[in-house]
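Worksheet: the structure to be examined is printed underneath.
What follows draws every value from the coordinates through simple rules; no lab data is involved. Fair warning: this is a prediction, and the values are worked out from it, not measured in the lab. Glycine gets a Cβ as well: all are built from the backbone with ideal geometry, and neighbour counts include every protein chain shown.
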């Protein structure tokens with residue numbers, strides 16, 4: 001009788017377990033389109049057997065809950081790639097705006113065409129050299145100088161505005177980071193209390209969704225702790241979450257720029273290289289825009305000081321030469337390289353003050369105008385041993401290369417994120433056959449792409465090597 | 001099939017390169033294998049191409065250089081992802097292999113004097 005009871009008990013237990021499993025599957029179906037939801041599978045536990053007269057009888061199975069199908073290694077890899085993609089994405093947006101400033105045809109260009117301005121300015125001395133007493137040619141020199149100064153100064157102001165706007169965007173990230181770290185700490189607490197030894201299902205889904213969102217904002221490292229807890233640091237090691245406790249990030253202004261802190265520690269430089277949107281904003285602010293501004297300062301300083309120095313030593317149309325008390329400067333004389341671009345302006349108002357003649361000539365001489373025209377072709381240490389035009393061309397070209405480089409990076413990182421997301425999606429209903437098929441697809445794609453790359457590379461090399469035919473076997 | 005001396009009629013190299021990057025990002029193996037076949041055909045035709053065709057292809061090649069750099073980077077990222085997936089596969093395999101040892105222990109067999 002006892003045996004029949006046992007059999008009935010096993011059957012009813014099996015039915016209960018099946019019902020629980022069906023509930024879990026229903027839950028999976030209901031959440032099929034829920035962002036961040038991870039599929040759950042039922043856990044089966046075999047019941048203890050009973051032994052009757054030396055023979056063991058099984059007692060069936062019990063459904064003991066559900067485990068989410070998640071792969072933490074893969075998810076963490078996705079988060080890392082997401083950090084890189086977000087950083088290059090936000091940097092690229094800033095670089096595109098920056099590049100537009102120096103693109104003459106661009107509607108947002110505030111710099112006019114500095115390259116042409118430089119050429120026109122020095123060329124204006126060529127005409128004056130031929131006719132040093134011509135007031136219209138003298139006026140043309142001042143006019144070309146004004147255009148050049150206004151364009152360089154305008155570009156510098158636009159860079160300063162862009163920097164300030166990036167600074168504000170970066171500061172805005174702080175509150176989002178804090179909201180996420182607070183939420184992660186709360187979820188940690190719940191997970192550690194309710195599921196210290198097993199997967200916490202939807203709670204872990206929520207925590208993972210927050211971590212993914214945090215990864216898009218800043219570069220982070222995750223450290224799994226006891227009882228299913230988690231600590232999160234920035235990539236430079238500043239602690240943001242320690243199990244159930246979160247550490248707020250704050251910001252403040254230092255030398256006109258937003259800096260970021262955890263406690264009293266300044267973590268700005270670590271955040272810059274760490275990744276995430278914030279990393280991208282800070283790299284654009286501290287490297288790209290600061291670098292562009294520095295190059296413009298160098299250019300403005302080089303042009304202003306060299307032209308002013310020559311004009312100050314020559315003889316103007318009224319027979320005067322520059323003195324310490326009343327120097328004959330065309331441009332506002334910079335006192336330091338920093339700030340030269342933004343402060344560049346034409347201070348000379350009387351065209352007769354242009355010193356076309358050298359100190360050994362009369363007022364009708366033109367040697368000094370020739371010397372000033374020759375500045376266009378002379379290299380200087382202030383401009384890294386380049387002429388002004390070459391220096392500006394190198395700067396624009398370097399900016400273009402940086403944009404192109406970051407664009408490539410972003411495309412590759414975004415592709416990597418897409419691939420990993422595909423892998424995670426295909427593994428969510430994990431069984432070894434599906435996993436093998438997914439891996440095979442990845443391997444097959446990689447091999448085919450390698451083949452395409454090798455062949456294209458050879459074809460292009462062969463085409464560029466005109467006259468020398470090489471074929472790929 | 002393109003005849004020798006015929007003007008360049010292939011799709012632009014740049015299209016092939018960008019399409020390869022896109023397909024690799026989406027892990028579209030079939031499309032990539034088709035592209036590999038297109039490259040083989042292109043390579044065959046190149047061997048018999050005249051000067052004008054070669055000059056056109058050289059110009060296209062110069063234009064496609066930056067897109068090739070992108071493809072190289074996507075390929076590099078894919079290789080890294082593939083490494084991660086292979087490592088994971090090994091780990092999973094290892095876990096399954098030793099799974100029996102990690103399973104909860106069975107309760108000890110009882111003596112023959114149990115009652116039911």
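Here are the numbers for this structure:
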read-out	value
Peptide B:32-45 - average C-beta neighbours from other chains (10 Å radius)	5
Prolate/oblate/rounded label for the stretch A:283-363 (Cα gyration tensor, a/c 1.5)	prolate
Per-residue Cβ neighbour rank within 10 angstrom, fewest leading, A:310, A:420	A:310, A:420
Residues A:397, A:242, sorted so that the one with the fewest Cβ neighbours within 10 Å comes first	A:397, A:242
Relative contact order (percent, whole number), the stretch A:243-343, Cα cutoff 8 Å, 6+ residue spacing	19
Cα centroid of the stretch A:136-155 to Cα centroid of the stretch A:161-231, whole Å	54
Whole-angstrom gap from the stretch A:304-319 to the stretch A:366-394, using each part's C-alpha centre	16
For B:18, A:133, A:411, order by how many other beta-carbon atoms lie within 10 Å, fewest first	A:133, B:18, A:411
Pairwise FRET efficiency - residue A:113 versus residue A:335, Cβ, R0 = 35 Å, nearest 0.05	0.80
